[in-house]
Amino acid sequence: MIPKTMKACQLVAFNKLEIREVPVPTPGPDEVLCRIRAVAICGTDPEIIFGHHAKKGWPPRFPFTLGHEWAGEVVALGPNVTEFKVGDRVAGEAHKGCGACENCLKGRYTLCLNYGKEEKGHRHYGFTVPGANCEYNAYSTKALRKIPDNLSFEHASLLDTAGVALHGIEMIGVTPGGTVAVWGPGPIGLCAMQMMKGMGAKTVIMVGRKHRLKVAGEIGADVLIDFEKEDPVKRILEITGGKGVDEIQECSGASVALKECLAAVRKGGKINLIGFYEDSKVLLPPITSIVMNEITLTGSRANPNVSDRVLNMFAAGILKGDKVVSHTFPLEKYEEALDTFVHRKDGAIKVVVKP
């Protein structure tokens, strides 16, 4: 029995969250109604709550329901839905492109040219349209993936996190038998490290600090570099005989990271940027070095076209969700969950809320 109202954790003003009773949405054509079983807090969520992305239109209005990394089950079908049935266990992507623009037709729907235009069919759940910090939400079938039976809702909610890592890796590849590095052992960095190891890198170096760096070592990093205790660039050049690493995934968003990465990558090497940066504080390297050393420098956004593979990696144990999800909270304790995540209390890595 689907209720008429539900609990939702809504952002009612910047820095102000409230648990409210709101109507359960009705799925439209090509949509399903899902019961949210787990929703993970992303690093973007507190930034939106604190007002750091107001110029992007996130959120578009108040009150607004955030949350875009989630898993749950289908409880009702909208018109025209044939690929899902009630009871299906699913995980959601945050992005659903318009499906008609040039980028969407090329499969680059996270770069939809009709971004933010609901009338054109675009959806960015938890950013421009309501998200998953609630008991029920309606989703386009194009933004859903069925999850393996042996995968928990908590670990399936990492679909977006791990997908961002895999998309970043696919932007520049992994050299089989080579040496690679990851800056930032947060949730995305930990997933990227595991994937690069599984894709054939001989040596995976993780740059970070404290508890998260330790976890990276527990799940497969070959070399741990604590940037509070030693110079990452100097250490990497020592390890590689002065050549530098083949590929780098920069997941930290730190102001010094780009400069360090360009000094630590080999000639002809590749760097992908995943982190969000405070542009005014980014330390720029000598730009000519990118030209003279033929460095490939790319950025990657979100997780297009990788979801099924990511879910299979979790189900097969290639990705270890139990090492990434560190805390769970009920929806009513969202603010405590947020505080735990933001301040990394008790070794917090990924915090999951269970509506």
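The values are calculated or read from the model by the stated rules, or taken from the named source; none is laboratory data. Worth saying up front: this structure is predicted, and the values here are computed from it rather than measured. Glycine gets a Cβ as well: all are built from the backbone with ideal geometry, and neighbour counts include every protein chain shown.
Quick look at the numbers
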| read-out | value |
| --- | --- |
| Sole exception among (1) in contact with an Asp or Glu (Cβ under 7 Å, 6 or more places away or on another chain); (2) farther than 28 Å from PRO330 by Cα; (3) not basic (Lys, Arg) for HIS68, by number | (2) |
| Evaluation of THR5 against (1) more than 20 Å from the chain's Cα centre (by Cα); (2) β-branched (Val, Ile, Thr); (3) surrounded by 21 or more Cβ atoms within 10 Å (Cβ to Cβ) (one fails), failing number | (3) |
| Subset of segment 215-254 that is among the acidic types (Asp, Glu) and not in a strand (DSSP E or B) - its residue that is farthest from the chain's Cα centre (by Cα) | GLU238 |
| Subset tally (residues that are crowded, with 24+ Cβ neighbours inside 10 Å and among the charged types (D, E, K, R)) for segment 243-271 | 3 |
| Residue selected from segment 23-41 under the condition touching a Lys or Arg at 6+ places or on another chain (Cβ under 9 Å) and of a type outside the set (A, V, I, L, M), by the criterion nearest to PRO3 (Cα to Cα) | PRO23 |
| Residue that is touching a Gly at 6+ places or on another chain (Cβ under 9 Å), surrounded by fewer than 23 Cβ atoms within 10 Å (Cβ to Cβ) and touching a residue at least 24 places away in the same chain (Cβ under 8 Å), where the choices are LYS146, LYS202 | LYS202 |
| PRO185 within 16 Å of the chain's Cα centre (by Cα) and not hydroxyl-bearing (Ser, Thr, Tyr) | yes |
| Members of segment 168-218 that are in contact with a strand residue (DSSP E or B) (Cβ under 8 Å, 6 or more places away or on another chain) and among the β-branched types (Val, Ile, Thr) | ILE169, ILE172, VAL174, THR175, THR179, VAL180, VAL182, THR203, VAL204, ILE205, VAL207 |
| Set ALA71, ALA91, ALA100, ALA76: member being touching a residue at least 60 places away in the same chain (Cβ under 8 Å) and farther than 21 Å from GLY321 by Cα | ALA76 |
| Flag for VAL207 being modelled with pLDDT of 95 or more and in a strand (DSSP E or B) | yes |
| Of all residues making up segment 323-333, the number that are touching a residue at least 60 places away in the same chain (Cβ under 8 Å) and either outside the structural domain of LEU151 (by TED's automatic domain parsing) or in contact with a Lys or Arg (Cβ under 7 Å, 6 or more places away or on another chain) (or both) | 4 |
| Members of segment 279-318 that are farther than 25 Å from TYR125 by Cα and among the aromatic types (Phe, Trp, Tyr) | none |
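For (1) modelled with pLDDT of 95 or more; (2) farther than 19 Å from LYS197 by Cβ, each residue gets a yes or a no:
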{"site": "ILE271", "(1), (2)": "yes, no"}
{"site": "SER280", "(1), (2)": "no, yes"}
{"site": "THR296", "(1), (2)": "yes, yes"}
{"site": "LYS323", "(1), (2)": "no, no"}
